[in-house]
Structures are given as C-alpha cells and as structure tokens.
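Remarks on the structure that follows.
The values are calculated or read from the model by the stated rules, or taken from the named source; none is laboratory data. Just so it is clear, the model here is predicted, and its values are computed rather than measured. Cβ: placed from backbone, ideal geometry, glycine included. Neighbour counts: every protein chain shown.
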Amino acid sequence: MTHTYKNDLCVEEVLEKIVHAQKKASKCSCPDCDYSCKTSIKELLHPNKSHSLPAKNTVPFILYTSKGMPFKADGVFKFRCSCCNEIKFHCVSTFIFKVLKVKDGCARLELLAFHNHNDEQSHCDSHFCSPCEQINHQNVEDLCPTGICINVDLSCFCAIQCLPAIFIPCDCCGC
C-alpha cells in the first residue's frame, strides 16, 4: 500500500510514515510502552489486585507548550504559621497536574506537589527548573493535591506526559 503525504515536514505525517515502516520491517508485534498515558489509564481502570495497596485514583501528568517547553504553573494558598500563629501565604510552583474537568477546549487542573516532611512552614519545594528536578527521588506517596486550581486553554499545549497512575487519598492534607 502506497501512502501519499501532503507535506513531508508535518510531524504527524512523518510519525505515520515511521509507524508504517516499522510495522512493515518488523516480524514481531512490539508491546505498548511501559510508561505512557494508555498504560496509566489502564492501571487506573484495571488495577493489579495482587497488591494490598489502595486502588489508584489519579493519573498525574506534565504538559508541554507549543514551543516544546514543560508547562509550570504557580499558585498560592494560605496556612497558619506554627511559629507565630499568624495566617500567611505560600506560593507553589509545579509541573505536575491532575485534571478535574474538560469542556469546550478548556481544562480545570489542580496543581500537585510533593509534601516536604522536613519543613513545616513551606511544605512544598518549588525551587526547581525542570520536571525531572521536581520528581527525581521523591516518594510517590508524597505527591499530594494543593487545592490550587487553574483553568487552561488546551490549544496552548502540544504534548502530554502521563506519569504512572497513583492513589491520592481524599483526606490528603495538601501541601
């Protein structure tokens, strides 16, 4: 079967050519990626019941802008400072999100961050420049909702990286 393409420079068409060529050249069927959005959604809907872990309820993800840069969002919450008993603001920056609602090309996202057990006041470390800096060597159980939500125009993004499905308790204290 011969494929004709409108524009050899279009990413979608190039990828289609690669997939077609790979299928033609391969004698075996290759398995799906171990870590992909399809895998994470499957884990969420069909959990492995052999473990005593709670059922997974969240697919965290990272978005990429049309310029290929990871999307980082900032948000603010208030907390009562344990040292002075005053209510203060705290800023959270994160590359990790949970989708709450999608409608008409827009999405409501909750900012997710890692709980910092060593610092009672700041709770979340936001001094990082890349998703890998934020995620590397963090405990999966420490990823928690912040209660901070943003609305985004989905036309501003060109890629999504789903993280493995996880369980976030409803009573998670947030960051």
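Looking only at residues in region 128-170 that are part of a helix (DSSP H, G or I) and not aliphatic (A, V, I, L, M), the one that is nearest to Lys78 (Cα to Cα) is Asp142. Each residue in region 100-115 was checked for being crowded, with 16+ Cβ neighbours inside 10 Å and either of a type in the set (Ser, Thr, Tyr) or under 16 Å from Cys149 (Cβ atoms) (or both), and 6 of them qualify.
Please state which one of Ile62, Ile87, Ile96 is modelled with pLDDT of 70 or more, of a type in the set (A, V, I, L, M) and exposed (fewer than 10 other Cβ atoms within 10 Å of the Cβ). Matching residue, one of Ile62, Ile87, Ile96: Ile87. For Ser40, the criteria (1) of a type in the set (Ser, Thr, Tyr); (2) surrounded by 18 or more Cβ atoms within 10 Å (Cβ to Cβ); (3) at pLDDT 90 or above hold in every case but one, which is (3). None of Lys78, Lys67 is assigned to a loop (DSSP other than H, G, I, E, B), more than 15 Å from the chain's Cα centre (by Cα) and farther than 23 Å from Ala165 by Cα except Lys67.
Can you tell me which residue in region 35-84 is nearest to Lys98 (Cα to Cα), limited to those that are without any contact (Cβ under 8 Å) to a residue 40 or more places away in the chain and of a type in the set (Gly, Ala, Ser)? That would be Ser52. Restricting Asp8, Asp34 to residues that are modelled with pLDDT of 70 or more, outside any helix (DSSP H, G or I) and among the acidic types (Asp, Glu) narrows the list to Asp34.
The lone criterion from (1) out of contact with any helix residue (DSSP H, G or I) (no Cβ under 8 Å at 6 or more places or on another chain); (2) farther than 17 Å from Ser130 by Cα left unmet by Val102 is number (1).
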